[in-house]
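Enquirer: The structure that follows is given in the form of structure tokens.
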Amino acid sequence: MATLAQTPEITTPYVLALREMLRKGGGAPVATFAVGDLSVDIVTGADSLWALIRREGRGGLALRAAYLAGDFTCERERREPGEAVRLRIRSALGEHRVVFFTSMEALERLRMTVEFTPAATMRLPFMPRDLYPLDRDDDPMGTRGCVEARQRGLNSGIVYFRLEEPAFGNILYFQNLTAMNDYYRLTGTTPEDVVGGEWPELGHLLPTPKQGSVPSGDPLPAGRPVTISDAILVFRHQAPPQERESARQFLQMLGAAYRLLDLPRTDYRDWMKRAEWTLRDLAEAPAATIEHYGHPYVHPYTDSEYPDVMVQMSIISALHDWGKWQGEMPPLKGELQAGVGKFYDPRLKTLRRYLPNVGDDKNKDAVDSWYLYHPMLNLGKLALDGDASARALFLKSIDFGIKAAHHFDYKWPIQYDVTDFSVITDVAEADGRGQTDVGGVYAWVMLQAFELTDDKRFLDEARAAIDAAMGLRFNVNYQANLTAWGAAACMRLWRITNEPVYLEQSYVYLGSFFHNSEIWESRLGHAVHYRNFLGVTCLQDAPYMAIYECFDSYMAFECYLDDSGPDLEPAARMLIAEYCKYALDRAWYYYPDALPVEAISPKQRESNGYIDRKLSFPLEDLYADGQPAGQVGQEIYGAGAAFVFATRAFHDVEGAAFRIYCDHFVRSIERTGDHALTLTLDGGETCTASFSLVRRKRARLPEAHLTTAGGDALRPHGASADRIDYRVPANGRIILTWEPATKRHAGSPASPRKLSRPSATRE
């Protein structure tokens, strides 16, 4: 939870040096410019170049542009388009080039890039942080404020804080870690926990090699420019402390920073083909399933671990989606679902995690709090689709779920005994908290029950669970997909009750989710072979992204956007849509056949089996710092990803020779003519979506035309015999027309595509 921070009696030399410089007049002036209502003065101190950002009568910030540790000269250079100030600094260390950019949309934004060219081959020593709040008298020691969120591990380099005394407002500091890949690679460092700090010394702490008798890391080569900072600051003058408005402003400000980034590309992914391969391997590979009580059950990992109910329901739910999309249910779905009833305990009247015959090496009575509810979520989904057996099992399990919620007063531990609710593991070591976001997935299950039965007690339960989580601020997130379902539950509650508090509370869940996201693209170690941009670490303290949390969050966000409307904060809509877009691209690299052998760990976690690159099951873990992937194992329970992505990204067009692929959710498709469609996309207003026409088997792509609702022609950026690719506006309507199919000459049928295993290598 955010706490009020006041300048401590113990400080650092860097705070005192800044304070003394400002007390003596603020350094030698270099340049002045404005950002909206903010003034920015660039000044030189004894050892640093500073940008002093002030709001008249309300204090401000001191942003360190360069730390020189000695004499230096600073001169202005001719600005390039879009720049506010360009400076060149010369010192014994070498040359720094500092550039400031300003922009005003709804919010004031300041960007500073710093490029350093060493004069000699060198190792940089400790470098101080770069951001200090100032009071009305330019004294950092006289300020009071609150740090709401700071970087966690290798997630986005952010610190979000409120300067309360004086009342300057909310500030989001975002360090674009992508820009510093070269620095990290040259020095052998990583950007772990580099943005944050303790009041009043905040911002970016450039990672430097460990000092010692034998220094670690390689030196920076002489004469080679390297970026050492790309800082974006976003400002809000009004900063109410209430958590829901603070979270909304965080999303708004994060969206403003996001729009300044050079975003990585996404590529077309053939999730249909991947789904076909996955279905085949689930049905045929001996390592995928095991038989108990005459029924097949899915292994959690390759040929290992006992079947559990969460795994079964995750795969069954994904196969259900695939069957609906295909128009015919795969036999495996029914075979797996027939065995789910064996998890039900008629005495407790609940689903158990394990089957009755689980081995003695497992505590059959232990359950992680979220494991009780997530299988019910998937049962409820099937029940709402008309599955009578799923409805019966869902409803006869629901009361035990409510009993557990009441016992724990909607504040669940990590793990407990299902027979008597005695706590096995109360809190996580990392943060001393339990499973703080289980209330979100519980609320979603209750809302499913309410929709099935129209029984108001389920609606009351959903409200109680969400209400109990209020006050957690940026500490809601325990596991990413649970947080996403919590956001969806809040949005659904708002739709049902029309009470704005639930729409607003959804921003708290979203803020916590995106706080744990990696809004940067790593080029470290083995990460050169995959993509991590906008991935989310699976747990609040996890070092890796995981496929299950990735696609389950994707499904939750689909529901969130389905229930949203024009009242939704535009930045929230954009960030969700961008997360889902990059998930479709990034998730491809969880599959071992999409990675080179050397990028995959040769060993897996004990009891988690092994990796078989021939099987189309994803690895559990990818790492932003470039560690080998798949250290945890090959996650069969994540195999639903291919079915989920295929059924959302691809759209059939009746009677046409093609399918449509889009990496954004398509809100509506209207057939406006025999050879015309109008489609509505629901992404960010300034963003782009990938849109493709994908040839059906034994067909030929027609000549097609794509325009915006305003009539502007959209030209393809790539075309082949199999696909035509476009970049289109991510928000609004587009109109597709195509020429009627022509008959082929006799003796020249279209050649069907050979079903070959999907593969991808990073360019």
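Enquirer: Of everything in the range 55-86, what is in a strand (DSSP E or B), touching a Leu at 6+ places or on another chain (Cβ under 7 Å) and under 24 Å from VAL15 (Cβ atoms)? Give them in sequence order.
Expert: GLY60, LEU61, ALA62, LEU63, ALA65, ALA66, CYS74, listed by residue number.
Enquirer: Could you give me the residue pairs with C-beta distances under 8 Å whose first residue belongs to the range 463-477 and is at pLDDT 95 or above, whose second residue is surrounded by fewer than 22 Cβ atoms within 10 Å (Cβ to Cβ) and in a helix (DSSP H, G or I) wherever it lies, and which are 6+ apart or on separate chains?
Expert: ARG463/THR497
Enquirer: Sort through ARG144, ARG97, ARG123, ARG111 and tell me the only one that's charged (D, E, K, R), surrounded by 20 or more Cβ atoms within 10 Å (Cβ to Cβ) and touching an Asp or Glu at 6+ places or on another chain (Cβ under 9 Å).
Expert: One residue alone meets the criteria, ARG111.
Enquirer: Next up: All but one of (1) within 25 Å of TYR554 (Cβ to Cβ); (2) without any contact (Cβ under 8 Å) to a residue 24 or more places away in the chain hold for PHE617, so report the exception by its number.
Expert: Result: PHE617 passes all but (2).
Enquirer: For the range 682-725, which positions are assigned to a strand (DSSP E or B) and aliphatic (A, V, I, L, M)?
Expert: Within the range 682-725, ALA689, LEU693, VAL694, ALA704, LEU706, ALA713, LEU714, ALA719, ILE724 meet the criteria.
Enquirer: Right, another one. Just checking, how many residues over the range 266-297 are touching a residue at least 60 places away in the same chain (Cβ under 8 Å) and part of a loop (DSSP other than H, G, I, E, B)?
Expert: 9
Enquirer: Given the condition among the hydrophobic types (A, V, I, L, M, F, W, C), without any contact (Cβ under 8 Å) to a residue 24 or more places away in the chain and not assigned by TED's automatic domain parsing to the domain that holds ASP593, answer yes or no: does some residue in the range 205-212 qualify?
Expert: Taking every residue of the range 205-212 in turn, none turns out to be among the hydrophobic types (A, V, I, L, M, F, W, C), without any contact (Cβ under 8 Å) to a residue 24 or more places away in the chain and not assigned by TED's automatic domain parsing to the domain that holds ASP593.
Enquirer: What residue, of PHE400, PHE343, is of a type in the set (Phe, Trp, Tyr), over 28 Å from the mean Cα position of the chain (by Cα) and buried (at least 23 other Cβ atoms within 10 Å of the Cβ)?
Expert: Going through PHE400, PHE343 in turn, the sole match is PHE343.
Enquirer: Answer yes if at least one residue in the range 298-317 is on the phi > 0 side of the Ramachandran plot, at pLDDT 95 or above, touching a helix residue (DSSP H, G or I) at 6+ places or on another chain (Cβ under 7 Å) and outside any helix (DSSP H, G or I), and no otherwise.
Expert: no
Enquirer: If you check SER517, SER564, SER553, which single one turns out to be small (Gly, Ala, Ser) and either more than 22 Å from TYR442 (Cβ to Cβ) or without any contact (Cβ under 8 Å) to a residue 40 or more places away in the chain (or both)?
Expert: SER517
Enquirer: Test of understanding: among LEU52, LEU38, LEU4, which residue is modelled with pLDDT under 95, under 34 Å from the mean Cα position of the chain (by Cα) and aliphatic (A, V, I, L, M)?
Expert: Being modelled with pLDDT under 95, under 34 Å from the mean Cα position of the chain (by Cα) and aliphatic (A, V, I, L, M) holds for just one of LEU52, LEU38, LEU4, which is LEU4.
Enquirer: Being farther than 18 Å from ARG648 by Cα, assigned to a helix (DSSP H, G or I) and in contact with a helix residue (DSSP H, G or I) (Cβ under 6 Å, 6 or more places away or on another chain) is the filter here; which residues of the range 560-573 pass it?
Expert: ALA571, ALA572
Enquirer: Among (1) polar (S, T, N, Q); (2) under 22 Å from LEU568 (Cα atoms); (3) crowded, with 20+ Cβ neighbours inside 10 Å, which single condition is SER229 missing?
Expert: With respect to (1) polar (S, T, N, Q); (2) under 22 Å from LEU568 (Cα atoms); (3) crowded, with 20+ Cβ neighbours inside 10 Å, SER229 is out only on (2).
Enquirer: If I filter the range 147-174 down to residues being more than 30 Å from CYS538 (Cβ to Cβ) and acidic (Asp, Glu), which single residue comes out as surrounded by the fewest Cβ atoms within 10 Å (Cβ to Cβ)?
Expert: My answer is GLU165.
Enquirer: Could you check, for the range 561-580, whether at least one of its residues is more than 19 Å from PRO729 (Cα to Cα), assigned by TED's automatic domain parsing to the domain that holds LEU619 and surrounded by 23 or more Cβ atoms within 10 Å (Cβ to Cβ)?
Expert: No: zero hits.
Enquirer: On the basis of being buried (at least 23 other Cβ atoms within 10 Å of the Cβ) and not charged (D, E, K, R), does ALA464 make the cut?
Expert: No: the conditions fail for ALA464.
Enquirer: Return the residue satisfying two criteria in turn: it lies in the range 446-460 and is acidic (Asp, Glu) and in a helix (DSSP H, G or I), and of such residues it is nearest to PRO375 (Cα to Cα).
Expert: Once the filter is applied, the top-ranked residue is GLU451.
Enquirer: Do you know which of the residues in the range 591-633 that are among the acidic types (Asp, Glu) and more than 24 Å from the chain's Cα centre (by Cα) is modelled with the lowest pLDDT?
Expert: This residue is GLU606.
Enquirer: Got at least one residue in the range 504-520 being farther than 20 Å from VAL194 by Cα and not in a helix (DSSP H, G or I)?
Expert: No, because not a single residue in the range 504-520 is farther than 20 Å from VAL194 by Cα and not in a helix (DSSP H, G or I).
Enquirer: Looking at ALA428 and the list (1) hydrophobic (A, V, I, L, M, F, W, C); (2) assigned to a helix (DSSP H, G or I); (3) touching a residue at least 40 places away in the same chain (Cβ under 8 Å), which single condition is not satisfied?
Expert: In the conditions (1) hydrophobic (A, V, I, L, M, F, W, C); (2) assigned to a helix (DSSP H, G or I); (3) touching a residue at least 40 places away in the same chain (Cβ under 8 Å), ALA428 misses (2) alone.
Enquirer: Something else: Go through the range 305-317 and count every residue that is out of contact with any strand residue (DSSP E or B) (no Cβ under 9 Å at 6 or more places or on another chain) and either free of Cβ contacts under 8 Å to residues at least 12 places away in the same chain or more than 9 Å from ASN378 (Cβ to Cβ) (or both).
Expert: Adding up the residues that qualify gives 1.
Enquirer: Yes or no: TYR637 in a helix (DSSP H, G or I), out of contact with any Leu (no Cβ under 9 Å at 6 or more places or on another chain) and in contact (Cβ under 8 Å) with a residue 40 or more places away in the chain?
Expert: Criteria met by TYR637.
Enquirer: Another question about this same structure. Every residue in the range 639-696 that is within 21 Å of the chain's Cα centre (by Cα) and among the charged types (D, E, K, R), please.
Expert: Correct list: ARG648, ASP663, ASP682, GLU685.
Enquirer: For PHE421, indicate whether it is touching a helix residue (DSSP H, G or I) at 6+ places or on another chain (Cβ under 7 Å) and of a type in the set (A, V, I, L, M, F, W, C).
Expert: So PHE421 fits the description; yes.
Enquirer: Taking the residues in the range 423-441 that are in contact with a Pro (Cβ under 6 Å, 6 or more places away or on another chain) and surrounded by 14 or more Cβ atoms within 10 Å (Cβ to Cβ) as candidates, determine which candidate is nearest to ALA404 (Cα to Cα).
Expert: VAL423
Enquirer: Every residue in the range 73-114 that is under 20 Å from PRO29 (Cβ atoms) and charged (D, E, K, R), please.
Expert: Matches in the range 73-114: GLU75, ARG76, GLU77, ARG78, ARG79, GLU83, ARG86, ARG88, ARG90, ARG97.
Enquirer: Please tell me if LEU482 is at pLDDT 95 or above, crowded, with 24+ Cβ neighbours inside 10 Å and either touching a helix residue (DSSP H, G or I) at 6+ places or on another chain (Cβ under 6 Å) or not assigned by TED's automatic domain parsing to the domain that holds TYR173 (or both).
Expert: Yes: the conditions hold for LEU482.
Enquirer: Right, another one. Please verify whether ARG457 is over 30 Å from ARG152 (Cα atoms) and either in the same structural domain as ASP368 (by TED's automatic domain parsing) or touching an Asp or Glu at 6+ places or on another chain (Cβ under 6 Å) (or both), treating the condition exactly as stated.
Expert: Yes: the conditions hold for ARG457.
The values are calculated or read from the model by the stated rules, or taken from the named source; none is laboratory data. Remember, it's a predicted structure, so these values are computed and weren't measured experimentally. Counting neighbours? That spans all protein chains shown, and the Cβs are built from the backbone with ideal geometry, glycine included.
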